[in-house]
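Q: One structure coming up, written as structure tokens, with questions to follow.
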Amino acid sequence: MRQEIVKSDVTVIGGGLAGVCAAIAAARLGQTVSLVQNRPVLGGNSSSEVRVWVCGATGHGVNRYARETGIMGELFAENQYRNPEGNPYLWDLVVLEAVRAESRITLFLNTDVHEVAMEPGDGELRRIQSATGWMMGSERKITFQSDMFLDCTGDGLLGCLAGADFRIGREARHEFNEDWAPEIADDITLGSTILFYTKDEGQPVRFVPPSFAKRIEETSIPIRRVIRSGDSGCHYWWIEWGGELDTVHENEAIRDELWSVIYGIWDYIKNSGKFEAENMTLEWVGSLPGKREYRRFVGDYVLNQNDIIAQRPFDDRVAFGGWSIDLHPPQGMYAQESGSKHYHPDGIYHIPFRSLYSCNVGNLMFAGRNISASHVAFGTTRVMATCAVMGEAAGTGAALCARDGVTPRELHAVRLEELQQTLLRQDASIIGLRNQDAHDMARSAKAAASSVLTKLSTGASAGTYALSHPAGLLFPVAGKLDKLKLLVDVVDAETPSELTISLYGTGRPENYIPAELIQSLAIVVPSGKEQWVEVPFHYETNEPCNVFVTIEGHEGVRLHQSAQPLFGVLCFAGRDGSSPDFAHFMESQKTIAWSMDGLNRTPFCAVVEPETEAYAPASIINGYTRPYGGPQLWMSEAMSEGGEEWISLTWEQEVAASEIRIIFNDDVNEDLINLHHHRTPFEILPELVRDYRLEGLTEQGWRTLHRETGNRKRLRVHRLERPEAITALRLVVESTNGSPYAQVVEIRVYE
Ligand SMILES: Cc1cc2nc3c(=O)[nH]c(=O)nc-3n(C[C@H](O)[C@H](O)[C@H](O)COP(=O)(O)OP(=O)(O)OC[C@H]3O[C@@H](n4cnc5c(N)ncnc54)[C@H](O)[C@@H]3O)c2cc1C
């Protein structure tokens, strides 16, 4: 047996997505990092050991333009390229390779941390001196010493051993005035789950159940839950138990109960005669219960339900989420009610930095399911892409604290702006916050482009859409809106049809719902095909914004749809309010009432007048790097075959450029998924620029500084071999990954 001491600037315990992103973020800022994970693979609940699919702010398409950027965005895009089929082992590799790409991270797999030593002294804040773990299979006892520690263990053992304040269970309703909280506080948590995969062998396969398999027909499960023979993995998220137990200390008993139910369900599917499952077999059954909830640390702020619903724009926001508040009944799979209930705010919400550090341990931060949030707020922050963006924020905060020798509380008090600007520079998203980096020389340049898309027109018809329910259309307005034209068929009607078409504001720049009515018009449409119907709206705005147009449902009327997506324009189907599934959502949950299912990338054929400035070249230096009250990018006119488009920055005086950072458009509206939930039809987002070159205007004229081919990433950082004295910089787009338009979100230039 060996005893070792490992010193690093930052130690991250727990290698789920929160821990992985925290470690990568700190390492990219120049800190040495020990990443300590007690399993043989990274990824936590998303790993091939548990196989939960990674959800985030898009809420599987409920929220628009809501996909995460930064490190989580990179993982999504890389997985989409390498693993569009959603193979869990290939996802493991994507995560592992992202960690291995960072030379400052030392990874300790199979290392379970279970001891903590505190620094001597009795100051106001306790401090962790070291954490010690046992590396299984190697007989190594390793003590990790660092300036900063991050507890990303989910269960929160590190912080608990350090004496950090934490909570387990549900707060009473009155504590945060949360109407989804119980009247009286209790220690109930969400339960744990084991998943399983099945496959068709192509020939009959027998199943002899183990002696401990539960007789499922004697439980309420077949009546209360959906059992189908072809389902796998997360379809069985509802096999949940342990919410009324202690999900850590009774983990073994919970596993045994879950196994007994899984084999019982499989016995029921195979042997009850009620399913077509003769050729089906079990391909994989998990052995680790996936834990949903245990300790939640107390930070300087406890995020709660009202913050989520109000989308409270904290001054210290460092991350965002968008999954519904998703809570489950304590009895889990045995509950008589539905396995989950959901509350969707009107759009994405914000997470404050104060929820990511301990209120009483000075060098402890956390990210993931153990952050400082009430049980109800945890119901949404717990999904993994949200855990990951919190991880990036906490890792960034820890890196700055380690670098400057300050506590997270001090960082919050005096260097909050630096923290937020550092995150933005790394392409993490803080909604509604602009780049204000004083070192970015692009901000003082003038932007121009070879061409700009000014005509908001979604292209030729490729089919029609029956207007049996209301439809919606969202587009940007920068200045004036005079007219909307829609391509419409009125079939089987002898008399003209009257359509009510209404214009709404979206409420907030980050929301995509019809919030405030601006104008409503009754438009008469004669019977006939392919008619351009004119809607004479009159609207003017000083601030660029999105508008949401609703078109009343009308049997016999069809809208034409284009096959050519236009970034910034979205189409919606109003859900049928009479459907029992959605009736209770209609009034208060507008994101659910308007769905993009089946309409993504196929906008209604529409023309907006007058011409728009929403895609102007100056968008690349306005500080926003994702849609926010408009598309927030430069878009060229459609590129000609073999032609090029460019965008340039010009300075009045020469600048010395050493580093150029470019953000390309990777359509954050597209919902990517790491496992098998749904398949996105392309491996590389088509809007991404593929081949490009950077040219600088020097005393000798234009010079190529860099040429890139085959790009498939959103953020590209080019460090020039030596500083270049230039008065202008030009990004020449030679080709894209499929879109007819050249699109650039941001360019930054550093000395
Ligand atoms: C069945 C189930 C379904 C869910 N459904 C979804 C879903 O569809 N989509 C979604 O995004 N989220 C879902 N969630 C929630 C989500 O999986 C968790 O909230 C999320 O995994 C938390 O991320 P994390 O990084 O904080 O923790 P984890 O993913 O739990 O990762 C923590 C890691 O730390 C390791 N660790 C723990 N203790 C120690 C220690 N002492 N020393 C070293 N390492 C340690 C653990 O082994 C683990 O690998 C679900 C959860 C479950 C269980």
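The values are calculated or read from the model by the stated rules, or taken from the named source; none is laboratory data. Source: prediction; values computed, not measured. Glycine also receives a Cβ, built like all others from the backbone with ideal geometry; neighbour counts cover every protein chain displayed. All accessible areas refer to the heavy atoms of the entire protein, side chains included, with ligands and DNA or RNA removed. Shrake-Rupley method; radii C 1.70, N 1.55, O 1.52, S 1.80 Å.
Q: Where residues in segment 385-417 are more than 29 Å from Gly43 (Cα to Cα) and acidic (Asp, Glu), which of them is most open to solvent (accessible area, probe 1.4 Å)?
A: Among those residues, the one meeting the criterion is Glu417.
Q: Does segment 260-282 include one or more residues that are within 16 Å of the ligand (Cβ to nearest atom) and among the aromatic types (Phe, Trp, Tyr)?
A: no
Residue by residue, here is whether (1) part of a helix (DSSP H, G or I); (2) surrounded by fewer than 19 Cβ atoms within 10 Å (Cβ to Cβ) holds:
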| position | (1), (2) |
| --- | --- |
| Glu178 | no, no |
| Ala181 | no, no |
| Pro210 | no, yes |
| Lys214 | no, no |
| Asp246 | no, yes |
| His249 | no, yes |
| Glu252 | yes, yes |
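Q: Out of segment 494-515, which residues are open to solvent by 30 Å² or more (accessible area, probe 1.4 Å) and either over 25 Å from Val668 (Cβ atoms) or modelled with pLDDT under 95 (or both)?
A: Scanning segment 494-515 gives Glu494, Thr495, Pro496, Glu498, Thr500.
Q: Next question, about the same structure. Residues to consider are Gly43, Gly56; find the one that is open to solvent by less than 10 Å² (accessible area, probe 1.4 Å), in contact with a Gly (Cβ under 8 Å, 6 or more places away or on another chain), near the ligand (Cβ under 10 Å from one of its atoms) and within 20 Å of Ile663 (Cβ to Cβ).
A: Gly56
Q: Another question, if that's okay. So which residues in segment 23-40 are within 9 Å of the ligand (Cβ to nearest atom) and crowded, with 23+ Cβ neighbours inside 10 Å?
A: Matches in segment 23-40: Val36, Gln37.
Q: Can you find even one residue in segment 191-214 that is within 11 Å of the ligand (Cβ to nearest atom) and either under 30 Å from Asp122 (Cβ atoms) or in contact with a Ser or Thr (Cβ under 6 Å, 6 or more places away or on another chain) (or both)?
A: Scanning segment 191-214 turns up at least one residue that is within 11 Å of the ligand (Cβ to nearest atom) and either under 30 Å from Asp122 (Cβ atoms) or in contact with a Ser or Thr (Cβ under 6 Å, 6 or more places away or on another chain) (or both).
Q: Confirm whether His676 is out of contact with any helix residue (DSSP H, G or I) (no Cβ under 6 Å at 6 or more places or on another chain), surrounded by fewer than 23 Cβ atoms within 10 Å (Cβ to Cβ), assigned to a loop (DSSP other than H, G, I, E, B) and not assigned by TED's automatic domain parsing to the domain that holds Val54.
A: Yes: the conditions hold for His676.
Q: A further question follows. Out of all the residues in segment 229-244, which are among the hydrophobic types (A, V, I, L, M, F, W, C) and in a loop (DSSP other than H, G, I, E, B)?
A: Trp237, Trp238, Ile239
Q: Still on this model: For residues in segment 471-481 being open to solvent by less than 50 Å² (accessible area, probe 1.4 Å) and not hydrophobic (A, V, I, L, M, F, W, C), which is farthest from Val608 (Cα to Cα)?
A: Only one residue fits best here, namely Gly472.
Q: Could you tell me whether segment 74-81 includes any residue that is over 22 Å from Thr381 (Cα atoms), over 18 Å from the mean Cα position of the chain (by Cα) and either assigned to a loop (DSSP other than H, G, I, E, B) or more than 9 Å from the ligand (Cβ to nearest atom) (or both)?
A: No, segment 74-81 has no match at all.
Q: Next question, about the same structure. Run Tyr539 past the list (1) open to solvent by 20 Å² or more (accessible area, probe 1.4 Å); (2) touching a Phe, Trp or Tyr at 6+ places or on another chain (Cβ under 6 Å) and report the number of the one that doesn't hold.
A: (2)
Q: Separate question: State all residues of segment 311-328 that are over 26 Å from Ile673 (Cβ atoms) and either under 19 Å from the mean Cα position of the chain (by Cα) or open to solvent by less than 30 Å² (accessible area, probe 1.4 Å) (or both); if no residue qualifies, say none.
A: Arg312, Pro313, Phe314, Asp316
Q: Pairs under 6 Å by beta carbon, first residue of a type in the set (A, V, I, L, M, F, W, C) in segment 151-172, partner open to solvent by 30 Å² or more (accessible area, probe 1.4 Å), six or more apart or different chains?
A: Taking only residues 6 or more apart or on different chains, the pairs are Leu161/Val116; Ala162/Val116; Ile168/Asp187; Ala172/Ile184; Ala172/Ala185.
Q: Output the number of residues of segment 150-169 satisfying the condition of being on the phi > 0 side of the Ramachandran plot and within 22 Å of the chain's Cα centre (by Cα).
A: Result for segment 150-169: 1.
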